[in-house]
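Reviewing the structure listed below.
FYI, it's all coordinate maths here, none of it is from the lab. Please read all numbers here as calculations on a predicted model, not as lab measurements. All Cβ positions, even for glycine, are placed from backbone atoms using ideal geometry, and neighbour counts span all protein chains on display.
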Amino acid sequence: MIQHGTCPGRPGRARRLPALLVGFALAAACASAPRSPILDQTAAVGSSAPVQDAKEWAPQAFAHAEQLRQRAEEAHASGLRQEAAALAEQALAAYEHAVILARAAQATQRVATAKQQLSVEREQLRALESAQREVAAQADALELEYKVARDAEPLHPIEAADATREAARRTAARSILQNARLLCLAARLLDSDAPVTPLQQRADALEATLQTSPRPTPIDEAVSLRSACLSLLTDVRREGHRKSPAEDPADVLLSQLSTALDGAAPFRDDRGVVVPLWSAFGKSGALSDGARAQLARLAEIAAANPSFAVMAVVHGPGNSASATRELQKWLASNGLGKAPVEDAAERLPATVLPVRGAPTSTGRIEFVFVAR
């Protein structure tokens, strides 16, 4: 007799089937959960080159990101999918933060290196500028020595010539003599103890001789005197260069004067930096308004450059003595009373050779910054 719910010949099969189904269900439930893509993304980011740089430059931030990634992997292994995804997101943000910190550290080091290099280059530039100034000063000194040696060469005796040529020689001798006086005056301004007096006495004696119109004209004596005054000025400057060999502000002052005065054309000669002021006087010898304005500016520049001695030279024609007194009064009332004023009358030409556009009159003031 067969009972319902059983299979003939297979006792108990109906009872074993539900147990198998339960086992399959439990096995399916215990199988590994699918891996979230963000975990793989986190692993890929962690092994990328920028993050590996962060391992060196921002080790603490990198270690924190690695710790978060490890926790995400552990949560995934435990079947906590949502927690694993959240930790992986945090790990990605931590990696990004580490990369930013690493870039900031690298930038800081680059800035520090650049500043250090800039400091080194600036020091090298200062050394080069100092060497350049020293070489320029030595070149100027050598040039002066050459001029002294050239002027000191033995002169051939000059024979008497006709009246016209002798008159020209006397004019040239007076010009050379006046130039010698100015060089000796520059030496005295730089060093009050310089032995200028004997040379001045020689100049006075030669001036008196020229008044008698001698034949032949003693032009060679004028050249010799100028050479002696230039030699003295060179010796004074050499001593100054020995004390401060890298200082030669004359070129700087020349550039400053070129832009500070409208219409002026400053230049350098053996005395220093010279600023010519044309049409400086009226017929009565009074200073013109333009000359007063330029002199006021020059007085300001002289006050701002106390390392330079200052002198002025008045060049004729005609009323040079009156003009000299007028200029002396102006200088005394404007803080330059110690600046000597030399009356050169018409002994020094305006230009050595005719120059197109140059003033035809010799009347002018030369404001001289005597370079040390």
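Let me make sure I get this right: for the stretch 260-344, a, b and c are the square roots of the gyration tensor eigenvalues over alpha carbons, sorted descending. Under 1.5 in a/c it's rounded, otherwise prolate if a/b > b/c, else oblate. Which is it? Verdict is rounded for the stretch 260-344. Stretching the chain fully between SER192 and ALA304 yields a gain of 38.1 nm (0.36 nm per residue, less the alpha carbon separation). Here is the list for the stretch 319-350: trypsin sites (Lys or Arg not before Pro) lying in DSSP coil, each with at most 11 other C-beta atoms within 10 angstrom of its C-beta, are LYS338.
Please list, ordered by chain and number, the residues whose modelled amide H lies under 5 Å from the amide H of GLU342; skip anything fewer than 5 residues away on the same chain. It is ALA312, VAL313, VAL314, by chain and number.
Neighbours of PHE281, meaning other residues whose beta-carbon lies under 12 angstrom from its beta-carbon, give a summed charge of +2 when Lys and Arg score +1 and Asp and Glu score -1. Over every Cα atom in the stretch 204-243, the radius of gyration and the widest Cα-Cα span, Dmax, amount to 14.6, 47 Å.
Other residues within the sphere of radius under 15 Å centred on the Cβ of PRO50, judged by their own Cβ, net out at -2 (K and R +1, D and E -1). Take the Cβ atoms of GLU96 and GLU121, set R0 to 41 Å, and the FRET efficiency comes out at 0.65. Look at the alpha carbon pairs under 8 Å that are at least 6 residues apart: their mean separation over the length of the stretch 36-138 gives a relative contact order of 31 percent.
Packing order of peptides 257-270, 173-186, highest average first: 173-186, 257-270 (average count of other Cβ atoms within 10 Å over each peptide's residues). The peptide list 164-171, 291-298, put in order of mean Cβ contacts within 10 Å with the highest first, becomes 291-298, 164-171.
In this label model, ALA321 and GLU239 are separated by 3.6 nm, measuring between points 7 Å along each Cα→Cβ vector. Note on the stretch 36-138: along the principal axes its Cα atoms extend 88, 18, 14 Å, ordered by decreasing extent. When you restrict to C-alpha pairs under 8 Å that are six or more residues apart and normalise by the size of the stretch 205-352, the relative contact order lands at 15 percent.
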